[in-house]
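Just below is one structure, and these are the notes that go with it.
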Amino acid sequence: MNVLDLGRVELLDTFGDDLTVVNAARVSYNKESTELTSKDEKLIKFLAEHNHVTPFFHPQIRLRLKMPIFVAREWYRHQIGFARNEVSRRYVDYEPEMYCPELVRERDEKLKQGSKAGGVTDNALAVAMIKHANESAAELYQELLDMGVAPEVARTVLPQGMYTEFIETGSLAGYARLCKLRLDPSAQWEIRQYAEAVSTLLREKFPVSWAALS
């Protein structure tokens, strides 16, 4: 799934479904459901409403994500229930890909962090400046490699807007918490787009649980 012009969210695999959540809870009474019933759906809602989260840790999701580094570092702040392996610039030296926003949002002086919805007065100039900086960094990176500099050292000149990719495995509970926080209007616009993409995918795979957790 492409995330606008930002990057990509690819669902690689899932383990379990809504019934997995139900049976993780019902094992307390040594009971098991073989198909999802309306009673099971009520149980899922009850678990979510009363913060009984452990059954939601059993379903697992594996994604491959491509996002700018500054987004990834915010994404990585969510650690409980996640495992990640990322492309390493110590080992690869292909041409880096950079993110450049089409709209360079204006700073909001009323917020310690964040931005206004609209762009700066001279948006075209700001976009051109970011593109120039990205291109210059990529050229310098290549020049360093051509000099024989090790990739792990040459990468120091690459900007936070460079794309990275990683495979991530997380629990349904973990993704529910991540998306709830990163879909908040106070979260940065770019990370909200990724959270929305993940939410859309998981809503299809775990419709009852995701509705209860959202």
Q) What are the residues in region 165-209 that are free of Cβ contacts under 8 Å to residues at least 60 places away in the same chain and in contact with an Asp or Glu (Cβ under 7 Å, 6 or more places away or on another chain), if any? A) Leu183
**Q.** Residues of region 127-153 classified as in a helix (DSSP H, G or I), aliphatic (A, V, I, L, M), out of contact with any helix residue (DSSP H, G or I) (no Cβ under 8 Å at 6 or more places or on another chain) and surrounded by fewer than 16 Cβ atoms within 10 Å (Cβ to Cβ), total
**A.** 3
Q. Under 9 Å by Cβ, and 6 or more places apart or on different chains, what pairs join a residue from region 1-29 that is over 18 Å from His58 (Cβ atoms) with one that is among the aromatic types (Phe, Trp, Tyr)?
A. Val3/Tyr194; Asp5/Tyr99; Leu6/Tyr99; Leu6/Tyr194; Gly7/Tyr99; Gly7/Tyr163; Gly7/Tyr194; Val9/Tyr194
Q.
Suppose we filter Glu74, Glu143, Glu139, Glu152 for residues that are closer than 29 Å to Ala195 by Cα and not small (Gly, Ala, Ser); which single one remains?
A. Glu74
Q: Pick out the one residue from Ala117, Ala124 that is exposed (fewer than 13 other Cβ atoms within 10 Å of the Cβ) and part of a strand (DSSP E or B).
A: Ala117
Q. Across region 1-45, what is the total count of residues that are assigned to a helix (DSSP H, G or I) and either modelled with pLDDT under 95 or not assigned by TED's automatic domain parsing to the domain that holds Arg192 (or both)?
A. 2
Q.
Quick check on region 102-113: of everything there that is free of Cβ contacts under 8 Å to residues at least 60 places away in the same chain and under 21 Å from Val3 (Cβ atoms), which residue is surrounded by the fewest Cβ atoms within 10 Å (Cβ to Cβ)?
A. Leu103
Q: Starting from region 70-85, take each residue that is in contact (Cβ under 8 Å) with a residue 24 or more places away in the chain and list its partners that are hydrophobic (A, V, I, L, M, F, W, C) and part of a helix (DSSP H, G or I), counting only C-beta distances under 8 angstrom and pairs at least six apart or across chains.
A: Val71/Ile191; Glu74/Ile191; Trp75/Leu178; Trp75/Ile191; His78/Leu178; His78/Leu181; Gly81/Phe57; Gly81/Ala173
**Q.** All positions within region 114-158 that are in contact (Cβ under 8 Å) with a residue 40 or more places away in the chain and of a type in the set (S, T, N, Q)
**A.** Ser115, Gln142
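The values are calculated or read from the model by the stated rules, or taken from the named source; none is laboratory data. Quantities reported herein were computed from a predicted structural model and do not represent experimental measurements. Because the Cβ atoms are built from the backbone with ideal geometry, glycine has one as well, and the counts that use them run over all protein chains shown.
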